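Data first, discussion second: the structure below is written as structure tokens.
The values are calculated or read from the model by the stated rules, or taken from the named source; none is laboratory data. Since the structure is predicted, the reported quantities are computational estimates derived from the model, not experimental observations. We place every Cβ from the backbone using ideal geometry, glycine too, and count neighbours over all the protein chains shown.
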Amino acid sequence: MELNLSKPIVFFDIESTGTQVAADRIVEICVLKINPDGNEEVKTRRINPTIPIPPEVSLIHGIYDEDVKDEPTFKAVAKSLADFIGDADLAGYNSNKFDVPMLLEEFYRAGIDFPMENRRLIDVQNIFHQMEQRTLAAALKFYCNRELVDAHTAEADVRATYDVLKAQLDMYQERVFTDKQGNQSIPVVNDMQKLADFSTNRDWVDFGGRMIYDKEGNELFNFGKHKGRKVTDVLEKEPSYYDWMMNGDFALSTKKALEKIKLRMLSGKYK
């Protein structure tokens, strides 16, 4: 179905140095402008973020410091980009949580006025998540075509979860899955180890996701001012950070994982 447009709409996507709007920078932006007459215009531009791109982030989007060192800064292209977007509505995938705030932050840094008052925001991910709800009741209806009776009672929920897993094995037994790196596999098979590998976030050091592993197996902080830095480097250069976390409002699983890293450092078993 073609879009019913009263004014242009811009679909856009941003690749960046990270996910912290206040601290990170855009490294690539693609803008697809759809006009009311159906005419499409697309512009893709790589940006020199003026700060390093963390290696673990480059592994995700494939853009490295070398790729953008000769590209213009956002400030250099901000005016022409704002003119191209004009008064168009904005659309994207997870755009209301990330892409729109990041774009606005960059415009503000560049001193460009980018009014939002009369601009409609359409987030395709939000439509997807609201229409295809991720509740146990919705899963039971989708996979098993039955209603969840006595929802939120322990036995009803646990039996529904068991039935959903069996139905998933039937539905996806030959389904090819493509990951973010383009690798293909058939992961939903009747093998508990393979199901665990597919359904568990193996990048997390602790269950709160406050620390993650990079591709080399190094622990990195995944929040705050040290996001993307090696835990061992931070604890070595700023020992007080360990005390702050251990005395702070963090989950015990996070504290225990951090303590384990600290003990490993004290034993000399780290680089």
**Request:** Please give the number of the condition A196 fails out of (1) surrounded by 10 or more Cβ atoms within 10 Å (Cβ to Cβ); (2) small (G, A, S); (3) part of a loop (DSSP other than H, G, I, E, B).
**Result:** (3)
**Prompt:** How many residues are in a loop (DSSP other than H, G, I, E, B) and touching a residue at least 60 places away in the same chain (Cβ under 8 Å) when one looks only at the range 1-22?
**Reply:** 7
**Asked** Residues in the range 104-127 that are free of Cβ contacts under 8 Å to residues at least 24 places away in the same chain and either β-branched (V, I, T) or not assigned by TED's automatic domain parsing to the domain that holds R25 (or both): how many?
**Response** 1
**Request:** Kindly provide the set of residues from the range 127-147 that are outside any loop (DSSP other than H, G, I, E, B) and either in contact with a strand residue (DSSP E or B) (Cβ under 6 Å, 6 or more places away or on another chain) or modelled with pLDDT under 90 (or both), ordered by number.
**Result:** I127, F128, H129, Q130, M131
**Message:** Looking only at the range 45-88, how many residues end up being of a type in the set (D, E) and more than 23 Å from the chain's Cα centre (by Cα)?
**Reply:** 5
**Request:** Could you list all residues from the range 139-160 that are surrounded by 13 or more Cβ atoms within 10 Å (Cβ to Cβ) and not charged (D, E, K, R)?
**Result:** A139, L140, F142, Y143, C144, L148, A151, A156, A160
**Complete:** Condition set without any contact (Cβ under 8 Å) to a residue 24 or more places away in the chain and surrounded by fewer than 16 Cβ atoms within 10 Å (Cβ to Cβ), scope the range 77-103, selection farthest from P115 (Cα to Cα): answer is S80
**Asked** Going through the range 91-116 one residue at a time, which ones are under 15 Å from V10 (Cα atoms) and among the hydrophobic types (A, V, I, L, M, F, W, C)?
**Response** A91, V100, L103, L104, F114, M116
